[in-house]
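Chemist: Here you go, one structure.
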Amino acid sequence: MDAVELAEQYGTPLYVLNADMVVERARAFQKAMAKYYPQGEVIYASKALFSGAVAKLLKETGVSIDVVSGGELFVALKAGFPPERIFFHGNNKTPQELEMAVKNGVGTVVVDNWHELSVLNEVAGGLGKKQKIYLRVAPGIHANTHVHIQTGQEDSKFGFSKKDIVEASKKAVQSESLRLAGLHCHIGSQITNLDSFYHTAKIMNEIISEIEKELEPYSFKLEELDLGGGLAIAYQPEDPVVSPDEMIAAIYRALPNPELKLKVEPGRYLVGEAGVTLYTVGSSKEIPGVRKYVAVDGGMTDNPRVALYDAKYHAVVANKANAPKEEKVSIAGKCCESGDMLIYDIDLPRLEAGDILAIFSTGAYNYSMASNYNLLPRPAMVFISSGKAELVVRRETYEDLLLRDLAIRE
Ligand code: LLP
């Protein structure tokens, strides 16, 4: 579809999501899973991008969903997502959130720590239910990715330490209102190295054997294994890509058991490359011999990933897509902060105010991490499917910014 027309019709900044690509990628994951683990399950990590439309789109594909807060759970339920296909994660779920999950019939709660193990047992007991759970373990893996998105190492706020997991399993098995069905781990995000998945699977298998040995008196078997998400996407045209098939094949090499109920939780892979953000170019500042800044009408408010993780994005000028690249520029946002940058040093056609800049691979962790810093209203989101555009989240208005402000009422 014509990005310039979309920008004209819906305004900028604008999140544009290729909904057909999201469905294709969900199916590719399901196909890879079915090939190696016919009883496996693909779970979408909703933190990557979530709204009613996203929930409804994914519900139709048959993937399950992972939520990490009462808020994500609320949206999933409101969108009609079947509760038994919801997995509830998080390192500090409140008693209220746990109660909400158990009451609504959430299929699996992924218990992160000792405190949660006893709170959830009490909550489920109080509601007269037996809640299915996994235990999350930090397998002691260093994924080769940005330190802020590594989660599998021993020094992590997430999950039981390896040395505690056998005891925790024993406690879970003895908990009257809990049913321990499996283990979970997630080693990090934006992972291109297949060895990381292979080694994680190996380590988790060792942990499972140890647990089953220790819990033999309870004739206990772990039925399910959830290895989390993390499959990388391409941000730059030259970035290496790994397919879902290669990811699941790497796991299968470590765990060649087609009966295993394997779960994986891709977030970024399903939605990242399906997203493009459109901006309108405004002011610029050239510092001879230093740098040329060109500012757009969004920034760290709609995409904080550059400031947070040093993320590198690629872009084209939508209304000059075939024009020769004539200058090296850096794309700045409009927030009052020097770190508010979207791209450093990109070769583009000469930019003028009014041009439409399209930044690629913004589908994951952009909309979901957007803020109202400087009280910028958050952008709208448009779905593209079969050559048609549909507005699925409207642009925030200035009035929206005052919705919860009790001091100003007109
Ligand atoms: N499962 C669990 C338990 C997770 O914590 C995550 C991501 C995923 C699955 C999905 O991972 P993915 O397939 O999307 O890599 N805001 C950061 C990413 C944080 C990821 C947090 N957990 C970023 O923008 O890069």
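The values are calculated or read from the model by the stated rules, or taken from the named source; none is laboratory data. Keep in mind the model is a prediction, meaning the values are calculated, not measured. Backbone-built Cβ (ideal geometry, glycine too); neighbour counts: all protein chains shown. The accessibility values were calculated without ligands, DNA or RNA, using every heavy atom of the protein model including side chains. Shrake-Rupley method; radii C 1.70, N 1.55, O 1.52, S 1.80 Å.
Chemist: So which strands (runs of 3 or more DSSP E) are wholly in segment 259-309 and hold at least 1 residues that are buried (at least 24 other Cβ atoms within 10 Å of the Cβ), within 16 Å of the ligand (Cβ to nearest atom) and of a type in the set (S, T, N, Q)?
Modeler: 275-287
Chemist: Which of the residues that make up segment 345-360 are out of contact with any Lys or Arg (no Cβ under 8 Å at 6 or more places or on another chain) and either open to solvent by less than 70 Å² (accessible area, probe 1.4 Å) or among the aromatic types (Phe, Trp, Tyr) (or both)?
Modeler: Leu351, Gly354, Ile356, Leu357, Ala358, Ile359, Phe360
Chemist: Please enumerate the residues belonging to segment 56-88 that are over 18 Å from Lys132 (Cβ atoms) and out of contact with any Gly (no Cβ under 8 Å at 6 or more places or on another chain).
Modeler: Scanning segment 56-88 gives Leu57, Leu58, Glu60, Thr61, Gly62, Val63, Gly70, Gly71, Glu72, Phe74, Gly80.
Chemist: Just need a number here: residues in segment 361-400 that are open to solvent by 70 Å² or more (accessible area, probe 1.4 Å) and either at pLDDT below 95 or at negative phi (or both).
Modeler: 8
Conditions tested, residue by residue: (1) free of Cβ contacts under 8 Å to residues at least 24 places away in the same chain; (2) within 16 Å of the ligand (Cβ to nearest atom); (3) in the same structural domain as Leu98 (by TED's automatic domain parsing); (4) in contact with a Pro (Cβ under 7 Å, 6 or more places away or on another chain).
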residue: Tyr10; (1), (2), (3), (4): no, no, no, no
residue: Glu24; (1), (2), (3), (4): yes, no, no, no
residue: Glu41; (1), (2), (3), (4): no, yes, yes, no
residue: Ala45; (1), (2), (3), (4): no, yes, yes, yes
residue: Leu49; (1), (2), (3), (4): no, yes, yes, no
residue: Leu58; (1), (2), (3), (4): no, yes, yes, no
residue: Asp66; (1), (2), (3), (4): no, yes, yes, no
residue: Gly70; (1), (2), (3), (4): no, no, yes, no
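Chemist: Looking at segment 243-252, is at least one residue in contact with a Leu (Cβ under 6 Å, 6 or more places away or on another chain), β-branched (Val, Ile, Thr) and either in the same structural domain as Arg85 (by TED's automatic domain parsing) or open to solvent by 10 Å² or more (accessible area, probe 1.4 Å) (or both)?
Modeler: no
Chemist: Looking at Lys130, Lys78 in this structure, which one is in the same structural domain as Lys263 (by TED's automatic domain parsing), in contact with a strand residue (DSSP E or B) (Cβ under 9 Å, 6 or more places away or on another chain), modelled with pLDDT of 95 or more and open to solvent by 50 Å² or more (accessible area, probe 1.4 Å)?
Modeler: Step by step, each of Lys130, Lys78 is checked, and only Lys130 is in the same structural domain as Lys263 (by TED's automatic domain parsing), in contact with a strand residue (DSSP E or B) (Cβ under 9 Å, 6 or more places away or on another chain), modelled with pLDDT of 95 or more and open to solvent by 50 Å² or more (accessible area, probe 1.4 Å).
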